[in-house]
């Protein structure tokens with residue numbers, strides 16, 4: 001195992017009925033005037049907006065609103081939120097939504113305490129030193145942003161989409177009420193489930209040495225997603241299935257699986273340019289790219305890992321030879337994606353293949369190779385895009 | 001899944017070479033005068049005492065010492081530590097050792113800020129409201145105390161041994177250097193490994209409904225212990241095996257496995273009187289009692305859980321009927337215990353069976369039944385003691 005520092009102090013308040021009961025009092029521990037950040041209508045339809053605002057009002061927390069945060073949130077929306085916080089002297093943020101809303105709120109929280117333009121943070125030109133306290137109310141299980149210190153923001157003018165992190169971005173408190181996800185569409189439920197699965201796989205397909213306990217936990221989390229995502233699709237109001245997926249989303253990306261070993265993250269970076277340019281749903285982009293990437297990088301040297309994935313997660317016969325089991329594991333993954341109603345082909349998402357070279361350039365940034373597992377060159381990335389087209 | 005609140009803010013600093021590098025600076029964030037609590041000679045032999053004291057000195061942290069904390073730590077030792085803290089005005093505690101030292105340090109930390117006799121805390125007569133900040137340096141993988149807010153203390157005059165908890169007891173920082181455990185004896189390594197396994201099993205043998213993700217993680221942690229404990233015994237200086245066991249000890253009991261479902265804890269409470277009266281090693285007491293308890297409580301209603309344990313942890317053939325697979329799982333557990341050189345019989349530990357009734361009374365305290373899984377009566381507990389004799 002490698003050296004590591006692990007600390008995750010987010011307080012998770014999980015279960016139905018707790019936002020209306022405790023949100024206001026939890027928020028007041030940090031401030032009595034906050035910015036409430038949310039997306040569109042869905043939080044008004046699923047009851048979460050009412051629960052949040054009534055609890056804030058009950059505890060005499062003054063709030064201003066920033067609504068309309070988009071999927072793949074825009075830097076211009078971040079700037080709007082920063083301006084409101086500064087104008088009104090707000091001292092904390094409440095994010096009500098999924099990963100896009102929470103990510104947007106994180107960078108607003110950083111921008112509100114700084115004179116730097118927030119794109120400087122996102123594009124890694126300036127480090128994030130401090131941020132307003134953030135309290136989240138999760139309404140979509142997917143990104144894990146509710147229990148980590150990362151955020152992904154898009155510059156809608158340039159199509160650039162980057163991830164950024166900072167200790168001060170970690171939410172102080174996150175409320176997880178599975179009922180809020182009952183009304184999430186089948187499509188978004190499936191994309192969210194695959195995003196969770198992808199977070200786990202990104203940390204699993206790395207160095208096999210020195211990650212035994214992490215790998216076993218990762219396999220358990222993957223089994224959870226694979227078991228419960230279909231139930232959520234078939235029975236959207238199944239509280240237990242929604243609960244398992246929601247808690248799995250937080251555990252998948254809260255540093256628990258990555259502590260103590262290196263992890264390559266090769267699929268997310270090649271997906272980000274696609275959702276940046278074409279505004280496709282991130283989880284669906286990942287679902288198209290992941291099996292193609294696995295088929296492209298699988299070789300005799302790394303097949304041990306692919307076979308473990310196949311046998312321990314999809315229960316493929318462990319007596320099969322390494323390469324055969326590995327391929328069966330990838331097929332099982334493809335079948336799982338298709339069973340959730342998602343396509344494996346970028347073409348069907350309206351992606352323009354003429355931009356693959358430009359996307360690959362952006363995925364690499366100033367580097368010649370991407371990741372540690374397969375070490376992808378620009379040509380490799382273009383080849384994977386084409387395979388997934 | 002049941003409602004839950006999860007928050008564990010302990011900062012884990014894991015790996016070799018980090019105590020000498022960072023302990024002093026981490027301690028200084030809390031105080032420049034501390035009580036250093038440790039046991040006997042082992043911390044001087046394994047190098048940890050030198051690493052700790054040189055880092056404290058380098059960062060100009062004044063320290064007083066309390067040495068001689070015993071296994072199953074005594075309330076009289078706690079009182080000694082409290083007196084030193086008060087006399088010298090010390091404002092933080094550094095615990096160097098295994099679970100006994102850390103538990104002792106926790107109650108010293110609580111006692112130092114109170115005028116209550118610390119046995120009042122341990123015997124649940126007074127709640128623990130506050131405590132001095134605690135920094136731990138772990139030298140034995142077993143109890144998980146380095147990453148939780150519980151402690152177990154023995155009253156050596158009455159033989160009473162109780163567990164107690166309080167949010168303020170959670171260590172601020174815990175250093176985990178697997179090298180410090182290289183010199184732990186085979187016997188203590190085996191007892192520690194079984195203690196870890198028991199913590200996981202206590203949370204696993206509960207309500208099967210609503211704990212899917214917790215169960216899968218628990219199985220992964222159990223597999224880790226079963227895989228690496230024998231390697232630690234055969235090759236005491238194997239860094240990887242010692243690492244996996246050490247990190248598993250923390251993950252086993254940091255609230256991660258228990259969040260979201262009820263968990264019965266029936267074996268620990270019936271073991272505590274035995275180690276309280278007879279001063280046997282806690283992990284060995286658990287190893288004797290657990291299989292007997294499982295054989296005693298297994299029935300058609302709960303066999304589903306036992307079969308999952310058998311097939312998912314010990315890889316018993318899943319096509320076997322429930323009861324047959326369940327029994328094979330218990331046999332596999334017994335074989336694992338014996339393979340580590342531990343006995344299954346309390347008699348061989350010098351336990352006096354004439355005290356079983358008294359131990360059972362103490363395990364129950366003022367309750368008529370113990371636990372939620374099997375709901376043990378006093379007679380049940382005596383029967384289990386006798387089975388394990």
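Take the convex hull of the alpha carbons in region B:185-387; its mean projected area over all directions comes to 10.9 nm².
Taking a point 7 Å out from the Cα of residue B:389 in the direction of its Cβ, the residues of region B:268-300 whose backbone N falls within less than 19 Å of it are B:270-280, B:285-297.
Computed over the protein assembly as shown, the convex hull of the alpha-carbon atoms projects to a mean area of 32.3 nm². Please determine, in degrees from 0 to 90 and to the nearest 10, the orientation of helix B:99-111 with respect to the longest principal axis defined by the Cα atoms of chain B, where the helix direction is its Cα long axis. Compared with the principal axis, the helix lies near 60 degrees.
Taking a temperature of 10 °C and a viscosity of 1.306 mPa s, what whole-number D in µm²/s does Stokes-Einstein yield for chain A with Rh from Kirkwood over alpha carbon pairs? It would help to have the intermediate numbers written out before the result.
On the way: Rh = 21.2 Å.
Translational D for this selection: 75 µm²/s.
Sorted from closest to farthest, the other copies place their residue B:299 label points 5.9 nm away, with each point set 7 Å from Cα along Cα→Cβ.
With label points set 7 Å from Cα along Cα→Cβ, the inter-copy distances at residue A:70 are 7.1 nm, sorted shortest first.
Normalising by the residue count of region B:11-180, find the relative contact order in percent from Cα pairs under 8 Å and 6+ residues apart.
Relative contact order here is 27 percent.
Once the chain from residue B:115 to residue B:367 is taken as fully extended at 0.36 nm per residue, the excess over their C-alpha distance is 87.8 nm.
Cβ crowding within 10 Å ranks B:295, B:375 as B:375, B:295, fewest other Cβ atoms first.
Computed from Cα atoms, the angle from the helix A:322-339 axis to the main principal axis of chain A rounds to 40 degrees. Can you figure out the FRET efficiency of residue A:379 with residue A:158, using R₀ = 25 Å and their beta-carbon distance, to the nearest 0.05? Computed FRET efficiency for residue A:379 and residue A:158: 0.55.
Given R0 = 35 Å, the distance between the Cβ atoms of residue A:3 and residue A:62 translates into a calculated FRET efficiency of 0.20. GNM on chain B, alpha-carbon springs under 10 angstrom: the most fluctuating residue among B:215, B:32, B:379 is B:379. Compute the Cα gyration tensor for region B:321-381, then decide on rounded, prolate or oblate, letting a ≥ b ≥ c be the square roots of its eigenvalues: rounded whenever a/c is under 1.5, prolate when a/b is larger than b/c in the other cases, and oblate in all that remain. Cα axes put region B:321-381 in the oblate bin.
For the pair residue B:339 and residue B:358, the difference between a 0.36 nm per residue extended length and the Cα-Cα distance amounts to 3.7 nm.
The residues A:309, B:182, when put in order of fewest to most other Cβ atoms within 10 Å, stand as B:182, A:309. Secondary-structure-derived ellipticity at 222 nm for chain A, considering helices only, amounts to -15500 deg cm²/dmol, per-run term -39500 (n - 2.57) for DSSP H runs with n ≥ 4.
Going from the residue with the fewest nearby Cβ atoms within 10 Å to the one with the most, B:189, A:311 rank A:311, B:189. Could you give the angle, 0 to 90 degrees to the nearest 10, between helix A:186-204's Cα long axis and the longest principal axis of the Cα atoms of chain A? The angle comes out near 70 degrees. Would you please classify the overall shape of region B:1-111 from the alpha carbon gyration tensor, given that a ≥ b ≥ c denote the square roots of the eigenvalues, rounded means a/c under 1.5, and beyond that prolate means a/b larger than b/c while oblate covers the rest? Note, shape of region B:1-111 comes out rounded. Kirkwood radius for region A:11-180, taken over all pairs of different Cα atoms as the inverse mean of 1/r, rounds to 15.4 Å. Chain A has one residue whose beta-carbon comes closest to the axis relating it to chain B; that residue and its distance in whole Å are A:9, 2.
Is region A:132-285 rounded, prolate or oblate when judged by the Cα gyration tensor, a ≥ b ≥ c being the square roots of its eigenvalues, rounded requiring a/c under 1.5 and prolate requiring a/b larger than b/c?
The shape class here is rounded.
Taking the label point 7 Å along Cα→Cβ, residue A:324 and its counterparts in the other copies are spaced 2.8 nm apart, in ascending order.
Rule-based calculations on the coordinates, nothing more; no lab input. Predicted model only: the values in this text are computed from it and were never measured. Glycine gets a Cβ as well: all are built from the backbone with ideal geometry, and neighbour counts include every protein chain shown.
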